[in-house]
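Working notes, structure below.
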Amino acid sequence: MNTSTAIRKRIERKGIMVERRAHRRHDMQQQAIGIERWDVRSKAGTVVGQVIDMSSGGMRIRTTTPVRADQQIRLRLKLPSYAGISPFIDTTSGAARPKNEWIGWMAVCRVAKVDEKHYDLGGRLIEMDDLDRGMLGLYLSTQPLAA
């Protein structure tokens, strides 16, 4: 069996601790940041959950809406500026300006039922340009690490 649990057990037996993620996760649950499912046609979002933890490559959200693990969902993420750092950059006008929101796709990789009403969705943030991903990484470096 070659599951992630089996691989992790083999690595731990050899005494080597390896981080399997490309980006460090940061705990965002205490900030109660809402996440919106974005509708392009109406240019409006509907709050569907809360950010639990995130990295510059993906995030985990808690929602009451069940979603399949192979689904992609369009999201709007609004983060407050922190320590003088804006999480994203707007380059549409030709000059780089700070911005606090990102609208893009999350490819849902993992769905876990938390209780009778809530699900945790884990996924990768896709179609995020490198400048936004770098700024998000800098922004998250000021936040506490997730366990």
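Here is how the numbers come out for the structure above:
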read-out	value
Pair list, Cβ < 8 Å and 6+ apart or interchain, from the range 121-143 residues that are at negative phi to residues that are basic (Lys, Arg) and in a helix (DSSP H, G or I)	Leu125/Arg133
Residue count, the range 123-147 (criterion: surrounded by fewer than 18 Cβ atoms within 10 Å (Cβ to Cβ) and in contact with a Cys (Cβ under 9 Å, 6 or more places away or on another chain))	1
Options Ile89, Ile103, Ile73, Ile85; residue that is β-branched (Val, Ile, Thr), closer than 19 Å to Gln31 by Cβ and surrounded by 14 or more Cβ atoms within 10 Å (Cβ to Cβ)	Ile85
Tally of residues being modelled with pLDDT under 90 and not β-branched (Val, Ile, Thr) across the range 39-56	7
Any hit, the range 62-70, residues being under 12 Å from the mean Cα position of the chain (by Cα) and crowded, with 16+ Cβ neighbours inside 10 Å	yes
Output for the range 74-102, where each listed residue is within 12 Å of the chain's Cα centre (by Cα) and not charged (D, E, K, R)	Leu75, Leu77, Leu79, Trp102
The listed residue being closer than 20 Å to Tyr139 by Cβ and not β-branched (Val, Ile, Thr), out of Ala112, Ala107, Ala83	Ala83
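The values are calculated or read from the model by the stated rules, or taken from the named source; none is laboratory data. Quick caveat: nothing in here was measured; it's all calculated off a predicted structure. Every residue, glycine as well, gets a Cβ built from its backbone with ideal geometry; the counts of neighbours run over all protein chains shown.
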